[in-house]
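Just so it is clear, none of the values below were taken in a lab; they were calculated from the coordinates. Quantities reported herein were computed from a predicted structural model and do not represent experimental measurements. Note that each Cβ is placed from the backbone with ideal geometry, even for glycine, and that neighbours are counted across all protein chains shown.
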Number of protein chains: 2
Amino acid sequence: MTRLFNDPARFADDMVTGFAAAHPDHVRAVPGGVVRARPTRTGKVAVLTGGGSGHYPAFCGVVGPGFADGSVIGDVFTSPSAARARSVAEAAQAGGGVLFLFGNYAGDVMNFGLAARQLADDGIPARCFAVTDDIASAPAGQTARRRGIAGGFVVFKTASAAAEEGASLDEVVRVAELTNARTRTLGVAFDGCTLPGAGEPLFTVPEGRLGLGLGIHGEPGVSEDTLGTAEDLARALVAGLLADRPAGTDGEGRVAVVLNGLGATKYEELYVLWGAVARLLDEAGLTPVRPEVGELVTSLDMAGCSLTLSWLDDELERLWLAPADTPAFRRTPPAEPPVDDAAVRPAAAPRRRARSAATASGAAVEVAELAVHALRAARDVLHRDAEALGRLDAVAGDGDHGRGMCKGVDAALAAAEKAHTDRLAPAAVLAAAGDAWAAEAGGTSGALWGVALRAIGGALPADRAPGREELASAAAAALTAVTSLGGAEVGDKTLVDALAPFATGFAARLRTGAPVSEAYASAAAEARTAAENTAGLRPRLGRARPLADRSVGTPDPGATSLAAVLTAVATLRATTGSEPV
Amino acid sequence: MTRLFNDPARFADDMVTGFAAAHPDHVRAVPGGVVRARPTRTGKVAVLTGGGSGHYPAFCGVVGPGFADGSVIGDVFTSPSAARARSVAEAAQAGGGVLFLFGNYAGDVMNFGLAARQLADDGIPARCFAVTDDIASAPAGQTARRRGIAGGFVVFKTASAAAEEGASLDEVVRVAELTNARTRTLGVAFDGCTLPGAGEPLFTVPEGRLGLGLGIHGEPGVSEDTLGTAEDLARALVAGLLADRPAGTDGEGRVAVVLNGLGATKYEELYVLWGAVARLLDEAGLTPVRPEVGELVTSLDMAGCSLTLSWLDDELERLWLAPADTPAFRRTPPAEPPVDDAAVRPAAAPRRRARSAATASGAAVEVAELAVHALRAARDVLHRDAEALGRLDAVAGDGDHGRGMCKGVDAALAAAEKAHTDRLAPAAVLAAAGDAWAAEAGGTSGALWGVALRAIGGALPADRAPGREELASAAAAALTAVTSLGGAEVGDKTLVDALAPFATGFAARLRTGAPVSEAYASAAAEARTAAENTAGLRPRLGRARPLADRSVGTPDPGATSLAAVLTAVATLRATTGSEPV
């Protein structure tokens, strides 16, 4: 919803004030809207965009060299008056006449039409052109009745570029008409926007549904469907547009493309969608020319997006690619084709870290095998507990701890199995497992488990079973690796709160002469208790772990998953009866 | 919420695929992220941004000449692994060493730190720098523990520009440190974002409240407050930042500024806020240098924003302004100062439309006065019915019909009163009223009421009371003006459905010899019935009125407000007993 405003009735005025203040190099405010900061050359056709506000960067965001000469700004979703249109035109016109460009909506058609007639009466040649790109708003035989949505961006761009080149008013109108005739847009909405000061959204779409062709102000669409995958949506949009391919474009393969977000459907989502759209266009024999993926014609915080295809001939491609410099859109001259991959500086040689890749011998073979068993036990318990770990993490984190641990342990187990199949020594097996865990899981826990596994392996001999001292050292090495990488201390509400009591308890019990399996099991039980006790801790803020105070009362997910793994490995030891770790 | 994805676990990978496909001129994908499409010159320091994804255009959107050399991309809100960081660094490095730039979060510090050490072991000089701009995350004495948010954009920009200029790795690190030390950000959140595939938002903020200093992943903030006006928020942000002004900047007045939207807080809102922020900065003696108002560091569809101030010395200002060309951010060379307003081409002479401004004489004075009375009656009924009209309009429109009519009638009445005080003729009084209505209200109804009032006036004599034929003509002229401007016909579910029966009924009754007041009252009653009957109509789609089918069952708001005004004027006639309109 729209939350930032002063008096809702003054929203558009306040917006223009702030917009002009932010872009003094590009625009200056005049009654009714904005014009370029610097006058254009005498005789140039002035291209003016306009309409209700709430669609930024449409329409005022594209005023500047290479694009519009000015923009007429109405209240939110309300056509500006003819008087405002006239005022902006009088400030922007440079003797070459004026073209108003806008979307095909009743109020805009009336007000810009009135303004153009009045300007003409006053001796300023003025024309209007209403964009009609929305294929969902009227059938193919009635294109003149279609409304204008994101495809207006392409029409505005080519017409403005023609004016910048010095075309006459008639010529600029011809370019606008030609571009519009070759431009098709199909949009979807997932949810409506909320106007400044309104308590309810303008319209709603049921959760899990999408309105195909629903207009940007909630005008009726083609159908309501189940929201599927991004791939499904890409197919629906591309197929819809190709079914309405403009006459006279058969055999033409170059298209300007706008994949437009309406406000709350964000860039990452648009890029996911674009991956599928680009593939489908390629399959259809179409080549996107400088596609625009982002927010170009929004509708406040509406959720949804649209796809525009505009078939280019040579003239329109030149105009589409022409440079522009505006607050919201800058086009630099077309770059040289990217360097071919083969010519790119060869990547540095793959990193080869010195590591003990010696094959295992003697009892070390079984130790390596036990490491693989331990990772399997870890995998089983982490997959079993993944959802519960996610819930713990969701209290103060982003809820993905279970998923991240599964990703990590799966990769670690696969790497360890391969290394063990190659009969590598325990150190190499655990190094491979740690590296794979860190690389696949990423994040904090991935990095920590990566160094911990590597450190444990580093303490184990390659040709025999480890002694009691070596086992104690392995646990201590894991603790040291984790604390020196992460910087956390006991009491910071991290996995250190479980790892530290395990490492010290294990070593202490080994020193008393306890059997290794008993020492391990007792230490693992202590780790478990310690993990539960992290519920009472307040996380340390700042560098190491910027978690919310609201996690107080909830055990730390990292300590919990560590304790679960240690416990599962203890059970494994009990069932296999093996003595060494 | 995030709605567009295929497999949520593959979201970041799919995003990178689409991103690289959309920007082949700028980037190419490599394992772990993206690098520039074209290799940089040998010996240049490679600046790499990175972190979890979900923050676009941070971090991969700013790869290109003048900005980053590459970007390391993790899963959503998850630090990329050291292996990914190393992979991107190896592809991007050009012999001058590597600098990883990222926000101060545990996972990023660990993974980039590991990668830098491993690269250094392999003979590639590599450094890390963690941005700490968020003043809400730790107190002033503990700046090193602060997390990094939108201020990272300024640090990335200046450090990248220094590298582009040919600075050494040590120098680039120095610039990053210096910029970071002079950069402060304070943010607010209004609501949390929803991760791909998640059913619930990551966190929530109660409606009507804001979390001051709440982190972009929901980390704890400073306080929760009532959401006030944009002006209130501007004061809180500016005051908070000035209270944490960096040491050594006293007397310095030039600042890079980023007013950053987090995803669902849109451009119009940010510009409204900027208007207030710019004024407050000016009052504090600070001059924004090329301020950035928009979405630079987002958090999926999170609602909220942040303000960053970065105090510039001469070196940092040069680097902040240096050109850059990336997918999401293009900086053209600083423009010449805008032309002084006085030097701008003088606006065309104010339009003077030929109109009958003759002073009224005879009974025309009372006719003009009656017109003012009629507008007063219209004002009273429209203000009384404004909310109900808004509700009618909200069914298929944007709910502002009542507000727009009030805006229009208030302006019309003021203009008519002034014209009548100047003793102008009825035509001039109604022309002034119509022009004011259209100019102030804008939109469809503003334009229509504007031409209607003007048309009525045009039918009235300047020196006597109108005859019965002239009264009938006035009503017919209003209908003609409205239909020729708007193109609607009876049955299209517009105000024509009320105006047409009024005009024809009024004329027919006058022809039967009925007293004017009776003829008027009967016609007004018919208009009222006709307006109610629009409830059963299906609006015509397309050019004239692209309304939703869902308005079937609801009377048309434009017809309803017209009928209400006609009825109120009839009552007025009954109370004043005047005969002519």
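What the table shows:
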read-out: Exam field: B:Glu171 pseudo-label spacings to other copies (7 Å along Cα-Cβ), nanometres; value: 4.7
read-out: Cα→Cβ-extended label distance, 7 Å offset, between A:Asp244 and A:Thr204, nm; value: 2.8
read-out: Size of charge dipole - the range B:382-451 - debye, nearest 20, with Cβ of Lys, Arg +1 and Asp, Glu -1, no other charges; value: 140
read-out: Assigned charges on the beta-carbon of Lys, Arg, Asp, Glu; chain B dipole about Cα centre (debye); value: 1140
read-out: Share, in percent, of DSSP beta bridges within chain B that are antiparallel, nearest 5; value: 55
read-out: Of the DSSP H helices in chain B, those whose Cα atoms cover at least 27 Å axially and whose Kyte score averages -1.0 or more; value: B:364-394, B:401-421, B:468-486, B:557-576
read-out: Computed FRET value (nearest 0.05) for B:Ser484 with A:Asp282, which takes r as the C-beta separation and R₀ as 45 Å; value: 0.35
read-out: Label distances, nm, A:Ala94 versus same residue in remaining copies, Cβ-directed 7 Å point; value: 3.6
read-out: Distance from the range B:253-271 to the range B:167-218 (C-alpha centre basis), Å; value: 13
read-out: Simple Cβ-charge dipole of the range B:23-152, Lys/Arg +1 and Asp/Glu -1, about Cα centre, in debye nearest 20; value: 180
read-out: DSSP bridge orientation in the range B:29-124 - percent antiparallel, rounded to nearest 5; value: 35
read-out: Counting DSSP beta bridges with both ends in the protein assembly as shown, the antiparallel % (nearest 5); value: 55
read-out: Filter on A:Lys266/A:Lys493; A:Lys157/A:Lys266; A:Lys407/A:Lys493; B:Lys157/B:Lys266 - keep pairs with C-alpha separation over 30 Å; value: A:Lys266/A:Lys493
read-out: Label spacing, shortest first and in nm, from A:His383 to its equivalents in the remaining copies (7 angstrom along Cα→Cβ); value: 7.2
read-out: Innermost chain A residue relative to the axis carrying A onto B, by Cβ distance in angstrom; value: A:Arg330, 2
read-out: Listed residues A:Gly97, A:Ala82, A:Gly51: farthest to the positive end of the dipole of the range A:1-124 (Cβ charges); value: A:Gly97
read-out: Whole-number percent relative contact order across chain B, with pairs defined as alpha carbons under 8 Å at least 6 apart; value: 10
read-out: Pairwise centroid distance, computed over Cα atoms, of the range A:1-72 with the range B:287-310, Å; value: 20
read-out: A:Thr512-B:Asp7 FRET efficiency (beta carbon distance; Förster radius 60 Å; 0.05 resolution); value: 0.75
